[in-house]
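Encoded as structure tokens, the structure appears first; notes follow it.
Laboratory data are not the source of any read-out in this text; all were calculated from the coordinates shown. Being a predicted model, the structure only gives us computed values, none of them experimental. Every residue, glycine as well, gets a Cβ built from its backbone with ideal geometry; the counts of neighbours run over all protein chains shown.
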Amino acid sequence: MLALALPHVAEIESDGFDFRVDDKGFIWSYPERRPGHSRVIRTDIAVLYVGDEAEKQALLLGEPGVFFTTPGYDGWPLVMLRLDQVDVERLGELVTDAWRMRAPVAAAAELDDER
């Protein structure tokens with residue numbers, strides 16, 4: 001996945017995918033919960049770290065076919081991303097932005113030096 005190309009990223013063992021930098025998650029599979037049923041790990045939907053409520057609302061309102069949320073994520077700077085609704089270039093930008101918000105300053109500088 002695109003996330004592994006970023007500095008200091010670790011993939012945590014899971015039923016889907018779970019990428020972290022400095023032990024902080026920035027993109028992982030959506031653990032869908034349905035009342036009365038076990039959770040289902042959805043690898044077609046990613047939970048994406050977005051940094052703050054303003055960015056979350058901008059994504060949700062601007063592209064409701066791509067991004068959504070659920071009550072369980074209220075108050076958290078996270079959105080759900082329908083992976084089949086974005087191309088590889090856009091996904092790379094979203095993953096990199098999420099990584100930058102979670103990565104230590106030195107790791108972000110390392111990425112900038114590489115580019």
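Looking at [x] 43, 26, 23; [y] 48, 32, 27; [z] 36, 32, 20, which value of Cα extents along the principal axes in Å comes from a calculation on the structure shown? So the structure-derived entry is [y]. Going 7 Å from the Cα of residue 23 in the Cα-to-Cβ direction, what parts of region 95-109 have a backbone nitrogen less than 18 Å from that spot? Counting backbone N atoms under 18 Å from the label point, the list is 102-107.
Only Cα pairs under 8 Å and 6+ residues apart enter the sum, and on that basis the relative contact order of the chain stands at 26 percent. The charge dipole of region 1-95, taken about the Cα centre with unit charges on the Cβ atoms of Lys, Arg (+1) and Asp, Glu (-1), comes to about 340 debye, rounded to the nearest 20. Going by neighbour counts of Cβ atoms within 10 Å, the residues 17, 26, 67 line up, fewest first, as 17, 67, 26.
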